[in-house]
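Here's the structure, in structure tokens; my notes come after.
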Amino acid sequence: RTYDQVLSDIPGGNGDQSLLMFGRKITPNLHALAERFVLLDNCYDCAEVSADGWNWSTSGMANQHVVRNAPYNYSGRGRVYDFEGQNNGIPVDILGYADVARAPGGYIWDKVIAANLSLRNYGFFVSFTDPGMRLKEGDKAAAAENTPNKKALVGRTDTGFRLFDTAYPDSDIYDELNVRYSKRGPAFGPHGAKSRFAEWKYEFDGYVKKGSLPKFMTIRFGNDHTNGTSPGYPSPESMVADNDYAVGQLVEAVSNSRFWKSTAIFILEDDAQNGNDHVDAHRSTCYVISPFINKNTIDHRFYNTDSVLRTIELLLGLTPMNLYDAVAPPFEVFGTASGNSEPYVAIKPERSAIAKINTDNSYRAQVSAKLNFRQADAVPDAILNDILWHAVKGTSVTEPPVHHGLNVKPADD
């Protein structure tokens, strides 16, 4: 989602509220965190879609294969999603083959491991199965669903943390508010976790008890992608609110722990879904959370996806992966004192937002039901953006054209 779609109702930021879709009522935690720590209104996703977005977000760039083949994958011509550790559905790195989507500088976790720092992964680069994938018998075992598809992440990934699956909740909010929906996925993993947050919290509590936390964590909460208006699933507002509450629960857990004053949390989208924004369709939400950030900071400076990676590298003493993250501006929001260290309390969204479930009469419900939400970004962004806009804003409200701020004049002008 873009900045305007989520945070344009915060005073002091450069927002156009006419484009607001998931404001304070739907995302109370993201609003509260942006206001308490730092509001970033000039931050951009480097990627266009998830195919290049997951590589920009973990490698600081997209290689030639990704840039050239992502359009074919998104054109509906039957190409398999090759961009999160699987090539033609096969976890090639696990089998000892080169991953065509791997950037020359590797991934941020490679840098962490090379520096002898500990890490734990929740939901990044895990294998998924797709009905269109035709695997050989020898490949099927290696492609077991929800297992890491990078050697570096084997033994460092919680396989009880559910992969991208919009039928499975990010947070505990549906149980806390006793909201039921027919398409909800079952509890998952060895601990019977009913949400992604619940599984992460199980391990986090163990780290608190031991007094030792991995130096670097990657955590994927993806339900703000929504399931469109597919009947039986939560509405777009409900799924975004579920995602928001998961973020709030995580920050609450960390801020009430012994690790709070030595922790920085970075939250970003891998892409902005080519959404509506009055500055640019790549401008998105980004959050930096730390007790070393002064309260109520507003930062209008330019940042991007690589700014997140560069800041993490500087905090952990890592060298850059490539030229893009090397020259990216790091976030200049940290002070020398932990004066913003009060524990955070997660804000429950209103029940009216959570309890809204899609029906057969929802806008383009039958179209949504036929789309592939099993895999991130398998749905064309123009179709999903139309569904979300009219589902939230109303069928009579015209969706504005997508805006790109960079206007390149012809060479002879």
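The values are calculated or read from the model by the stated rules, or taken from the named source; none is laboratory data. Nothing here was measured: the structure is a model prediction, and the numbers come from that model. Note that each Cβ is placed from the backbone with ideal geometry, even for glycine, and that neighbours are counted across all protein chains shown. Surface accessibility is based on the protein's heavy atoms, side chains included, excluding ligands, DNA and RNA. Shrake-Rupley method; radii C 1.70, N 1.55, O 1.52, S 1.80 Å.
Here's a check for you: in segment 42-74, which residue that is more than 24 Å from residue 384 (Cα to Cα) and not hydrophobic (A, V, I, L, M, F, W, C) is most open to solvent (accessible area, probe 1.4 Å)? Looking at the filtered set, the residue picked out is 64. Across segment 251-265, the qualifying residues are those that are closer than 11 Å to residue 341 by Cα and out of contact with any helix residue (DSSP H, G or I) (no Cβ under 8 Å at 6 or more places or on another chain), and the one among them that is most open to solvent (accessible area, probe 1.4 Å) is 261.
Residue 203 fulfils the conditions (1) open to solvent by less than 50 Å² (accessible area, probe 1.4 Å); (2) at pLDDT below 95 except for a single criterion, (2). Take the residues in segment 229-250 that are closer than 15 Å to residue 164 by Cβ and of a type outside the set (Asp, Glu); name whichever of them is most open to solvent (accessible area, probe 1.4 Å). Only one residue tops the list, namely 233.
Selection of first residues in segment 362-375 that are open to solvent by 50 Å² or more (accessible area, probe 1.4 Å) and of second residues that are outside any loop (DSSP other than H, G, I, E, B) and among the charged types (D, E, K, R), restricted to Cβ pairs under 8 Å at least 6 apart or on distinct chains, gives the following pairs, ordered by first then second residue: 364/386.
Candidates are the residues of segment 168-177 that are in contact (Cβ under 8 Å) with a residue 24 or more places away in the chain and open to solvent by 10 Å² or more (accessible area, probe 1.4 Å); the one that is nearest to residue 199 (Cα to Cα) is 172.
Quick check on segment 384-413: of everything there that is aliphatic (A, V, I, L, M) and within 17 Å of residue 235 (Cβ to Cβ), which residue is modelled with the lowest pLDDT?
384
Of all residues in segment 95-108, those that are closer than 18 Å to residue 147 by Cα have Cβ atoms under 8 Å from Cβ atoms of residues that are of a type in the set (Asp, Glu) and part of a loop (DSSP other than H, G, I, E, B), 6 or more apart or on another chain, in 99/93.
Count, please, the residues in segment 1-41 that happen to be hydrophobic (A, V, I, L, M, F, W, C), under 16 Å from residue 385 (Cα atoms) and either part of a loop (DSSP other than H, G, I, E, B) or without any contact (Cβ under 8 Å) to a residue 60 or more places away in the chain (or both). Number satisfying all stated conditions: 3. The helices (runs of 4 or more DSSP H) found wholly in segment 137-252 and carrying at least 2 residues that are of a type in the set (D, E, K, R) and either under 26 Å from residue 83 (Cα atoms) or in contact with a strand residue (DSSP E or B) (Cβ under 7 Å, 6 or more places away or on another chain) (or both) occupy 137-140, 196-210.
When the residues of segment 376-394 are filtered to those that are open to solvent by 20 Å² or more (accessible area, probe 1.4 Å) and either in contact with a Ser or Thr (Cβ under 8 Å, 6 or more places away or on another chain) or not in a helix (DSSP H, G or I) (or both), which remaining residue is farthest from residue 283 (Cα to Cα)? Among those residues, the one meeting the criterion is 394.
Among the residues here, residue 141 qualifies as open to solvent by 40 Å² or more (accessible area, probe 1.4 Å) and either of a type in the set (Gly, Ala, Ser) or modelled with pLDDT of 95 or more (or both). Checking segment 332-350 against the condition returns no match, with no residue being under 29 Å from residue 171 (Cβ atoms) and part of a helix (DSSP H, G or I).
Determine, yes or no, whether residue 57 is among the polar types (S, T, N, Q) and assigned to a loop (DSSP other than H, G, I, E, B).
No: the conditions fail for residue 57.
Considering every residue within segment 310-330, establish whether at least one is crowded, with 16+ Cβ neighbours inside 10 Å, among the basic types (Lys, Arg) and within 17 Å of residue 265 (Cα to Cα). Checked segment 310-330: at least one residue is crowded, with 16+ Cβ neighbours inside 10 Å, among the basic types (Lys, Arg) and within 17 Å of residue 265 (Cα to Cα). With respect to the conditions (1) part of a loop (DSSP other than H, G, I, E, B); (2) over 21 Å from residue 6 (Cβ atoms); (3) not β-branched (Val, Ile, Thr), residue 313 falls short on a single one, namely (1). In a residue-by-residue description of segment 83-105, the property of being within 22 Å of residue 240 (Cβ to Cβ) and either basic (Lys, Arg) or modelled with pLDDT of 95 or more (or both) applies to no position.
Answer with yes or no whether residue 397 is free of Cβ contacts under 8 Å to residues at least 40 places away in the same chain, of a type in the set (A, V, I, L, M) and assigned to a loop (DSSP other than H, G, I, E, B). Break it down stepwise before answering.
Working: free of Cβ contacts under 8 Å to residues at least 40 places away in the same chain: yes; of a type in the set (A, V, I, L, M): yes; assigned to a loop (DSSP other than H, G, I, E, B): yes.
Spelling it out, residue 397 is indeed free of Cβ contacts under 8 Å to residues at least 40 places away in the same chain, of a type in the set (A, V, I, L, M) and assigned to a loop (DSSP other than H, G, I, E, B).
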